[in-house]
1. Can you tell me which aspartates and glutamates have their Cα less than 15 Å from the Cα of LYS66? Leave out same-chain residues fewer than eight positions away.
2. Rule-of-thumb check for segment 60-164: C-alpha Rg over 2.2 N^0.38 Å?
3. Show which aspartates and glutamates lie in cross-link reach of LYS155 when reach means a straight Cα distance below 12 angstrom and same-chain residues fewer than eight apart are skipped.
4. Please enumerate, by chain and number, the lysines with C-alpha under 16 Å from the C-alpha of LYS91, excluding those fewer than 8 residues away in the same chain.
5. In segment 118-146, whose amide N lies under 16 Å from the spot 7 Å out along Cα-to-Cβ of ILE109? List them in ranges.
Amino acid sequence: MLIPQVRRFVHTDVKKSCPQFGKEETMKRKVIMFTSILAIGIATGLIVSQVLNAQQQAVKSAILLKADLVGMEGKYVVIVSTELPPGELAKKHFHPGHQFSYILEGSMIMEVEGRPPITYKPGDAFYLTPNQVHSAGNLSTTAPVKVLGFSIADKGQPLSVPVK
């Protein structure tokens with residue numbers, strides 16, 4: 001038990017002989033606390049920015065035209081502009097109607113069930129038969145893929161149906 005007493009004596013003795021000792025300890029505590037708070041703030045900011053970035057990076061679709069087809073009773077046409085953000089992978093789905101697509105910008109990979117994946121780039125077009133299960137993804141980590149899609153389907157059918 002001699003060592004704790006010596007430490008206490010030395011510590012107390014140093015405090016008495018050196019008035020700066022207590023101020024230095026207080027300053028160290030303040031620096032450590034400030035650094036800890038700053039690190040927590042930075043970590044929180046990074047997490048929040050990732051969450052907001054993920055929310056902002058959703059697939060964007062806009063219906064440009066939807067019209068009944070004259071002479072084709074019970075059928076309608078839809079023209080859709082779709083933008084997949086960088087690195088986005090659309091889940092498996094199908095279109096109940098005939099789907100025609102044209103790549104405006106970027107490059108994407110298309111995986112149709114039972115076929116090898118195909119990469120499409122600007123100027124490429126493809127056709128999907130009704131109910132053909134597929135998924136698509138943006139190959140870029142920096143640029144979106146923009147696609148112009150045309151669908152001809154039966155009235156009352158959705159444009160797209162997710163597959164589990």
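1. Within the straight-line limit of under 15 Å, LYS66 reaches these aspartates and glutamates: ASP154.
2. 1.06
3. Leaving aside aspartates and glutamates fewer than 8 places away in the same chain, those within reach of LYS155 are ASP68, GLU73.
4. The qualifying lysines are LYS60, LYS164.
5. So the set is 118-121, 134-143, 145.
Throughout, read-outs are computed from the coordinates displayed, never taken from laboratory work. What you see is a predicted model; the values in this text were computed from it and never measured. Neighbour counts run over all protein chains shown; Cβ positions are idealised from the backbone, glycine included.
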